[in-house]
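The values are calculated or read from the model by the stated rules, or taken from the named source; none is laboratory data. Keep in mind that this is a model prediction, so the values were computed, not measured. Positions of Cβ are backbone-derived with ideal geometry, glycine not excepted, and every protein chain shown enters the neighbour counts. Accessible surface is based on the protein model in full, side chains and every heavy atom, while ligands, DNA and RNA are left aside. Shrake-Rupley method; radii C 1.70, N 1.55, O 1.52, S 1.80 Å.
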Amino acid sequence: MPLRHLTPRDQHLFWQYGRGADVPVHEPLVHRAVERHAIVHPHAVAAEHHGATLTYGELDRYAGALAARLVREGVRPGDHVGLFARRSIPMLVGLFAVLKAGAAYVPQDIGRTPPAQLAHVIRTARTRVILTQKEHAPRVPLPGGHRLIALDDPAPYDPGPVPLLPPHPDDGCCV
């Protein structure tokens, strides 16, 4: 890709980015790294969106409760879960919940994706559970036997006694 439109300084930064020293990571799973950070810094802000904030402690707690709900709904490691949402804090919670359940999320911008494409994604990705926001639920072409969970409904975050199966680094994360 030609970089002539960038200033010389920006060209240098572009080439420098990502070329640092290799640093070993303590945790190869991103949701486990968030869990570790939540233990050490539970009140640190993890996300901010349109004036709303979410701490690492809240993110870990909500994602864990939603992951338990996903497991109760039959989601297992290796499964695909539709994440049909707009950018938001609930979307972030849904993403981490899917990873904690050991599944891979299938992202679609529910505000922009036509229903026919959503139906195609549901069919080809073989999802059985779809996460979305309440206001967009009517747009999801939900086939029979599929489950829709509203991310911005308090019920998905009710803790449950279901133990989560430990995800493996080779499990998929995004489809």
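Taking residues in segment 127-144 that are closer than 15 Å to Ser88 by Cβ, and partners anywhere that are of a type in the set (Ser, Thr, Tyr) and open to solvent by less than 50 Å² (accessible area, probe 1.4 Å), the pairs with Cβ atoms closer than 9 Å and at least 6 places apart or on different chains are Leu131/Tyr105; Gln133/Ser88.
Being open to solvent by 10 Å² or more (accessible area, probe 1.4 Å) and farther than 23 Å from His50 by Cα is the requirement here; does Val71 meet it? So Val71 fits the description; yes.
I'm checking my understanding of the structure. Among residues of segment 6-35 that are of a type in the set (Asp, Glu) and over 19 Å from Ala63 (Cβ atoms), which one is least open to solvent (accessible area, probe 1.4 Å)? Applying the filter and picking the extreme gives Asp10.
Using the structure shown, decide if Ala38 is over 16 Å from the mean Cα position of the chain (by Cα), over 30 Å from Pro143 (Cβ atoms), of a type in the set (Gly, Ala, Ser) and surrounded by fewer than 18 Cβ atoms within 10 Å (Cβ to Cβ). Against the criterion (over 16 Å from the mean Cα position of the chain (by Cα), over 30 Å from Pro143 (Cβ atoms), of a type in the set (Gly, Ala, Ser) and surrounded by fewer than 18 Cβ atoms within 10 Å (Cβ to Cβ)), Ala38 does not qualify. Among residues of segment 99-121 being in contact with a Pro (Cβ under 9 Å, 6 or more places away or on another chain) and of a type in the set (A, V, I, L, M, F, W, C), the one that is surrounded by the most Cβ atoms within 10 Å (Cβ to Cβ) is Ala101.
Matching residues to (1) of a type in the set (Phe, Trp, Tyr); (2) under 17 Å from the mean Cα position of the chain (by Cα); (3) closer than 20 Å to Ala137 by Cα:
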| residue | (1), (2), (3) |
| --- | --- |
| Gln16 | no, no, no |
| His49 | no, yes, no |
| Ile89 | no, yes, yes |
| Leu95 | no, yes, yes |
| Lys100 | no, yes, no |
| Pro115 | no, no, yes |
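Applying the criterion of being among the hydrophobic types (A, V, I, L, M, F, W, C) and outside any strand (DSSP E or B) to the residues of segment 120-154, the residue that is farthest from the chain's Cα centre (by Cα) is Leu142. On the given criteria, is Leu92 open to solvent by 20 Å² or more (accessible area, probe 1.4 Å) and either touching a strand residue (DSSP E or B) at 6+ places or on another chain (Cβ under 8 Å) or of a type outside the set (Lys, Arg) (or both)? Answer is yes for this residue.
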